1. So residue 53 passes all but one of these: (1) touching a Cys at 6+ places or on another chain (Cβ under 9 Å); (2) at pLDDT 85 or above. Which condition number does it fail?
2. For residue 71, work out the one condition from (1) open to solvent by less than 30 Å² (accessible area, probe 1.4 Å); (2) out of contact with any Leu (no Cβ under 9 Å at 6 or more places or on another chain); (3) at pLDDT 95 or above it doesn't fulfil.
3. Looking only at the stretch 15-47, which residues are out of contact with any strand residue (DSSP E or B) (no Cβ under 8 Å at 6 or more places or on another chain) and modelled with pLDDT of 90 or more?
Amino acid sequence: MEEMTILITNEAKRELDKLLENSDKTCIRILTRCITMTSEAKLDFELDEPNANDNLYDVDGYKVIINKVLDSQMNYITISYGGLLSRNQFCVEADFNFYY
């Protein structure tokens, strides 16, 4: 398995610090949400703790966990905050291995 490349933007780091400061959870879990018959899966995150089915990554001091099956389907993840299409909210994007 190739090493996962994960980027967390500076804006996202500032907002993650606020979330982690007020939580008893220590990790950022990348997961899928919004899977329906008419739309593709959307990536999201939640604060959580790792388990035996996860891969754990250290990204600039942030602990990021991803289920091993989901992890095997992605090459690159970006966690950002704000911007033109996602003002005042997080956005998680990934490069999936569908074309490799």
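1. All conditions pass for residue 53, except number (1).
2. The failed condition is (3).
3. 17, 18, 21, 22, 24
The values are calculated or read from the model by the stated rules, or taken from the named source; none is laboratory data. Here the structure is a predicted model, which is why all the values come from computation and not from measurement. Note: ideal-geometry Cβ built from the backbone for every residue, glycine included; neighbour counts use all protein chains shown. Each accessible area value is taken on the protein alone, full model and side chains, heavy atoms only, with ligands, DNA and RNA left out. Shrake-Rupley method; radii C 1.70, N 1.55, O 1.52, S 1.80 Å.
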